[in-house]
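Notes follow once the structure below has been shown.
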Amino acid sequence: MGKYFNPEIETMPLEQIKELQSERLREQVKFVYENVPFYKEKMDEKGLTPDDIKTVDDLSKLPFITKDDLRDQYPYGFLATDIKDCVRIQSTSGTTGRRVVSFYTQGDIDIWDTCCARALAAAGATKEDVVHVAYGYGLFTGGAGLHGGSHLLGSLTLPMSSGNTDRQIQFMTDLGSTVLCCTPSYAAYLAESIAERGVKDQIKLKAGIFGAESWTEEMRKNIESSLGIKAYDIYGLTEIAGPGVAYECEAQKGMHINEDHFIAEIINPVTGEVLPEGEKGELVFTCITKKAFPLLRYRTRDICVLSRKECSCGRTHIRMSKPLGRSDDMMVVKGVNVFPSQIETVLIANGYEANYQLTVDRVHNSDTISCDVEWLPYNAPNDTKDKAEREKVLVSKLKSMLGIVVKVNLVEPKTIPRSEGKAVRIIDKRNLFEENTLK
Ligand code: DLL
């Protein structure tokens, strides 16, 4: 098997993709209208019937679905099939409110597995590979998704789940793992642990498939060089399927969206207006093949750019940029929009690693932001003069990137908690304060 899992679909000419999408969209809108009362009501309010949706160009007539709608309809409101036809649920972590529960028929699982198999194939995996799945298993979609894709591809699958780093490294060396699947922050931690144990020469990894959280190009370079692999991005969300909604190819220039299953749009997050290709905005997905939980025009809150420019890999499916941030991850500090990824870029460009923690607070009605970042082991943690000097340099670099002062504290190596799943980068004490006063 080559670098494609479904070559005829992954390289389908654009006209054919549009035709396929239009045909599937027509059927899906009818199906959702007849089976999800909440959505029927929304369409009725707009005076729309399924017959008004003839091609993908009519998509923008349909109403959006937001995360709040999912929370209000929890748990069964968006279920479009009989529960007896479902074989699985997965769920979000629910850190910012009620969990979202997503349902799957066997057909939905098959679609999801196919998407993940395409991602693995694009990263060079074949049935000869040993796929080490260190995403969490359980309600989180990471473990189940890559596991299903790896089975479909016929690779030997190691269902490691996250955590227990000693055991991860032991299996990696004993069973010769060749493709590592986990969050980029956990990959960085594994790389650090492998170096500390002095076992890098026993590791056979050649590729990594890292996603579920944002990571910068600088972090990619660090992981690639420390593990000696090529690192591929993968994107997805529980509401739409899980990992594999989009994946990177060898060109590493954005992630191809599985357009035979999902239609992507970019909208202005304030007005809801659809933006032309190449403009930055909120990513919106419509599921055109899934049956149990088929969301139409779901607002992801991820800020991205789409591109149809030709890709050197030969795939024709549209590419999305790495999410530049989440509309709800963006911090407004002193009126300035700040994304953790901007801070990470500065830290790594100045020789630090992505072990940092941001704290935003409000003191005397004014916002403050501070960044704890670790000294690297080869720096001298006790050299206070050098410390102050280094902090000053970072403050000034961050100021020129963001336009505001970020207080920098260099802390001792290994004092910032390592993440085995998604890293928690921001402590926003202002939100905590607001939430507490509402109670
Ligand atoms: O994180 C699914 C996933 C698992 C993707 C494993 C990739 C690998 P949720 O927990 O529902 O699902 O979180 C979805 O995570 O809306 C993005 O904000 C963020 N996210 C996912 N992939 C990426 C990525 C999984 N490659 C939310 N880069 C999404 C940046 C990502 N952010």
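The values are calculated or read from the model by the stated rules, or taken from the named source; none is laboratory data. Not measured: the values here are computed from a predicted model. Glycine gets a Cβ as well: all are built from the backbone with ideal geometry, and neighbour counts include every protein chain shown. When the accessible area is computed, the model is the full protein with side chains, heavy atoms only, and any ligands, DNA or RNA have been set aside. Shrake-Rupley method; radii C 1.70, N 1.55, O 1.52, S 1.80 Å.
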message: Anything in the stretch 130-156 that is open to solvent by less than 10 Å² (accessible area, probe 1.4 Å) and among the aliphatic types (A, V, I, L, M)? List them, or say none.
response: Val131, Val133, Ala134, Leu146, Leu153
task: Can you confirm whether the stretch 354-367 contains a residue that is surrounded by 15 or more Cβ atoms within 10 Å (Cβ to Cβ), farther than 23 Å from Arg326 by Cβ and at pLDDT 85 or above?
output: no
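Looking only at strands (runs of 3 or more DSSP E) that lie completely in the stretch 190-296, which have at least 3 residues being β-branched (Val, Ile, Thr) and closer than 30 Å to Lys30 by Cα? Steps first, answer last, please.
Details: elements: 207-211, 230-237, 242-248, 255-257, 262-267, 281-287.
The qualifying strands (runs of 3 or more DSSP E) are 262-267.
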task: For the stretch 157-168, name all the residues that are open to solvent by less than 10 Å² (accessible area, probe 1.4 Å) and part of a helix (DSSP H, G or I).
output: Gln168
- prompt: Within the stretch 84-127, how many residues turn out to be assigned to a helix (DSSP H, G or I) and open to solvent by 80 Å² or more (accessible area, probe 1.4 Å)?
  reply: 3
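If I filter the stretch 264-272 for residues that are in contact with a helix residue (DSSP H, G or I) (Cβ under 6 Å, 6 or more places away or on another chain) and in contact (Cβ under 8 Å) with a residue 24 or more places away in the chain, do I get at least one hit? Give the steps one after another, and end with the answer.
The first filter runs over the stretch 264-272 and keeps only residues in contact with a helix residue (DSSP H, G or I) (Cβ under 6 Å, 6 or more places away or on another chain), leaving none.
Among the residues of the stretch 264-272, not one is in contact with a helix residue (DSSP H, G or I) (Cβ under 6 Å, 6 or more places away or on another chain) and in contact (Cβ under 8 Å) with a residue 24 or more places away in the chain, which makes the answer no.
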- prompt: Which one of these is touching a residue at least 40 places away in the same chain (Cβ under 8 Å) and among the charged types (D, E, K, R): Asp129, Asp110?
  reply: Asp129
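Report, by residue number, each residue of the stretch 308-333 that is part of a strand (DSSP E or B) and either open to solvent by less than 30 Å² (accessible area, probe 1.4 Å) or β-branched (Val, Ile, Thr) (or both).
Our first condition is that a residue be part of a strand (DSSP E or B); within the stretch 308-333, this holds for 319-320, 325-326, 331-333.
Correct list: Arg319, Met320, Gly325, Met331, Val332, Val333.
Residue check: is Thr216 in the same structural domain as Pro13 (by TED's automatic domain parsing), over 29 Å from Ala354 (Cβ atoms) and not charged (D, E, K, R)?
Working: in the same structural domain as Pro13 (by TED's automatic domain parsing): yes; over 29 Å from Ala354 (Cβ atoms): no; not charged (D, E, K, R): yes.
For Thr216, the condition - in the same structural domain as Pro13 (by TED's automatic domain parsing), over 29 Å from Ala354 (Cβ atoms) and not charged (D, E, K, R) - is not met.
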- prompt: Somewhere in the stretch 383-402, is a residue surrounded by fewer than 20 Cβ atoms within 10 Å (Cβ to Cβ), at pLDDT 90 or above and part of a strand (DSSP E or B)?
  reply: no
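When you scan the stretch 61-85, how many residues do you find that are among the polar types (S, T, N, Q) and farther than 14 Å from Phe285 by Cβ?
Going residue by residue through the stretch 61-85, those that are among the polar types (S, T, N, Q) are 66, 73, 81.
From the residues that got through so far, the ones that are farther than 14 Å from Phe285 by Cβ too are 73, 81.
Total satisfying the criteria: 2.
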query: Applying the selection to the stretch 240-260, what residues are open to solvent by 10 Å² or more (accessible area, probe 1.4 Å), over 22 Å from His132 (Cβ atoms) and within 15 Å of the ligand (Cβ to nearest atom)?
result: Lys253, Gly254
field: Of all residues in the stretch 334-344 being open to solvent by 10 Å² or more (accessible area, probe 1.4 Å) and more than 18 Å from the chain's Cα centre (by Cα), the one that is nearest to Lys61 (Cα to Cα)
entry: Asn337
Enumeration of residues in the stretch 315-347 that are away from the ligand (no atom under 16 Å from the Cβ) and either over 28 Å from Ala121 (Cα atoms) or among the small types (Gly, Ala, Ser) (or both): Val332, Val333, Lys334, Gly335, Val336, Asn337, Val338, Val346, Leu347
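Being of a type in the set (A, V, I, L, M) and more than 20 Å from the chain's Cα centre (by Cα) narrows it down to one residue among Ala144, Ala123, Ala119, Ala191; which is it?
Ala191
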- prompt: Just checking, which of Arg99, Arg71 is assigned by TED's automatic domain parsing to the domain that holds Leu139 and in contact with a Lys or Arg (Cβ under 7 Å, 6 or more places away or on another chain)?
  reply: Arg71
- request: Among what's in the stretch 276-306 and is away from the ligand (no atom under 16 Å from the Cβ) and open to solvent by 20 Å² or more (accessible area, probe 1.4 Å), pick the residue that is farthest from Ser341 (Cα to Cα).
  value: Lys291
field: Hits in the stretch 213-239 - residues which are within 10 Å of the ligand (Cβ to nearest atom) and open to solvent by 40 Å² or more (accessible area, probe 1.4 Å)
entry: Ser214
field: Identity of the residue in the stretch 173-212, buried (at least 23 other Cβ atoms within 10 Å of the Cβ) and among the aromatic types (Phe, Trp, Tyr), that ends up nearest to the ligand (Cβ to nearest atom)
entry: Phe210
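Given the residues Gly145, Gly163, which is the only one that is within 16 Å of the ligand (Cβ to nearest atom) and more than 30 Å from His261 (Cβ to Cβ)?
Values: Gly145 fails: more than 30 Å from His261 (Cβ to Cβ).
Being within 16 Å of the ligand (Cβ to nearest atom) and more than 30 Å from His261 (Cβ to Cβ) holds for just one of Gly145, Gly163, which is Gly163.
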